[in-house]
Structure formats: C-alpha cells, structure tokens
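Peer 1: Once you've had a glance at the structure underneath, I'll fire off some questions.
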Amino acid sequence: MTLVRYLRTPVALFLELQESLDGFQREVQLSAFDGRETVGRDVVHGMVVQRDAFVELRMALHDQAAAARAAGLTHADLEVEYPDGAVDAVLSVTAAARGADGAARDGLLLTPPVRDEVRAVQTWMFEQVATQLRGGAPSPWDGDGGPG
C-alpha cells in the first residue's frame with residue numbers, strides 16, 4: 001500500500017468534484033446499460049469499472065473532507081492508501097473522467113461539466129496521486145487556485 005497525501009485540499013471544491021464525478025459515473029453507467037453508449041468504451045470502463053474499484057478510497061477521502069467542512073475548515077490535508085500497482089488504473093480513471101467531462105461540455109451528457117476551479121483541483125489531485133504512487137513527494141495546493 002502507498003499512502004497518498006493531498007495537502008491543503010480546498011474542501012468545498014473537492015466535494016463538488018466528487019459530486020460531479022459521481023454524476024458522470026451514474027450517467028455513463030446508465031447509458032451503457034441501455035445501449036446508448038454516448039461516450040467511448042474506454043470512458044465507460046474507466047468511469048464504471050475502474051473508478052468503482054476505488055469506492056472505499058473515494059469514501060474515505062469524502063468522509064475526511066466532510067469532517068473538515070463540518071469543523072469549519074476551508075482546506076484540509078486528506079490522505080488515503082492506494083494498493084500497490086494502482087498507477088495504471090488511476091491513469092485510466094483520469095482519462096475517463098476527462099473524457100466524461102468533455103462529453104458533458106459537448107452536450108452529450110445531462111450532467112453539467114465541471115467548473116474551471118474544480119477542474120484545476122481535479123488536475124492537481126490526479127498529478128498528486130500519479131506522482132506519489134511513483135515514489136514522489138506530495139505538493140500542497142497553493143490556495144490561489146493551483147498546485148503549490
């Protein structure tokens with residue numbers, strides 16, 4: 001297992017990101033079930049199969065962020081342990097999430113695309129997990145809308 005730390009995570013933006021990604025996942029899953037498949041199979045696989053494999057990790061991060069919000073914090077250090085060898089699955093989920101967001105921007109999904117501020121948090125978080133799973137050090141969110 002590898003501990004991944006997201007330092008100074010903007011709590012409200014992170015929670016909004018999770019809501020958006022959950023919406024993309026539900027919509028992509030429903031479209032795949034009814035045969036519409038409004039996005040490619042790689043997006044379906046990444047958003048449904050591979051993202052679902054990380055449900056416990058997502059819930060742990062959500063619970064930490066929700067507790068921080070309840071405590072009145074605007075930023076919090078979130079951390080979770082990823083299984084060894086998770087880099088490829090994380091990269092697949094990253095690409096799928098970007099594909100779903102692009103489909104939403106193109107009007108192919110009912111779920112709205114993520115806002116630019118939320119997309120910046122998403123990019124930073126994906127960079128953090130990929131870097132740390134490869135042995136790199138965490139970098140804090142700088143508090144001004146971007147990575148530190």
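The values are calculated or read from the model by the stated rules, or taken from the named source; none is laboratory data. Small disclaimer: the values here were computed from a predicted structure and weren't measured. Counting neighbours? That spans all protein chains shown, and the Cβs are built from the backbone with ideal geometry, glycine included. These area figures cover heavy atoms from the full protein model, side chains too; ligands, DNA and RNA do not enter into them. Shrake-Rupley method; radii C 1.70, N 1.55, O 1.52, S 1.80 Å.
Peer 1: With the cut-off at 1.5 for a/c, could you classify segment 1-90 from its C-alpha gyration tensor as rounded, prolate or oblate?
Peer 2: Here segment 1-90 falls in the oblate category.
Peer 1: While we're on this one: Tell me the trypsin sites (Lys or Arg not before Pro) within segment 62-148 that lie in a loop according to DSSP and have at most 13 other beta-carbon atoms within 10 Å.
Peer 2: In loop regions of segment 62-148 (DSSP not H, G, I, E or B), the sparsely surrounded trypsin sites (Lys or Arg not before Pro) are R115, R134.
Peer 1: Counting only heavy atoms of the protein chains, get the accessible area per residue of the chain (1.4 Å probe) and round it to a whole Å² value. Please report the intermediate quantities before stating the final value.
Peer 2: Numbers: 7560 Å² over 148 residues.
Solvent-accessible surface per residue comes out at 51 Å².
Peer 1: Oh, and also: Can you figure out the FRET efficiency of E56 with D116, using R₀ = 25 Å and their beta-carbon distance, to the nearest 0.05?
Peer 2: Given R0 = 25 Å and the Cβ-Cβ separation, E is 0.25.
Peer 1: Quick one: with all protein chains in place, what share of the accessible area of segment 45-148 is carbon or sulfur, to the nearest percent (1.4 Å probe)?
Peer 2: With neighbouring chains kept in place, the figure for segment 45-148 is 54 percent.
Peer 1: Counting only complete DSSP H runs, which helices of the chain cover 15 Å or more along their long axis at the Cα atoms and score a mean Kyte-Doolittle of 0.0 or above? Walk me through the numbers on the way to the answer.
Peer 2: Working: long enough: 11-33 (33 Å, 0.37); 55-70 (22 Å, 0.11); 87-105 (27 Å, 0.56); 116-133 (25 Å, -0.17).
Helices meeting the span and hydropathy rule in the chain are 11-33, 55-70, 87-105.
Peer 1: With the Cα gyration tensor of segment 21-148 in hand, convert its eigenvalues to equivalent ellipsoid semi-axes via √(5λ) and list them largest first in whole Å.
Peer 2: So the three semi-axes of segment 21-148 are 26, 17, 14 Å.
Peer 1: Using only C-alpha positions, report the orientation-averaged shadow area of the convex hull of segment 59-124, nm², one decimal.
Peer 2: Mean projected area of the Cα convex hull: 5.6 nm².
Peer 1: Could you tell me which GluC sites (Glu not before Pro) in segment 57-148 are loop residues by DSSP with no more than 10 other beta carbons within 10 angstrom of their beta carbon?
Peer 2: Counting only loop positions with at most 10 other Cβ atoms within 10 Å, none of the GluC sites (Glu not before Pro) in segment 57-148 qualifies.
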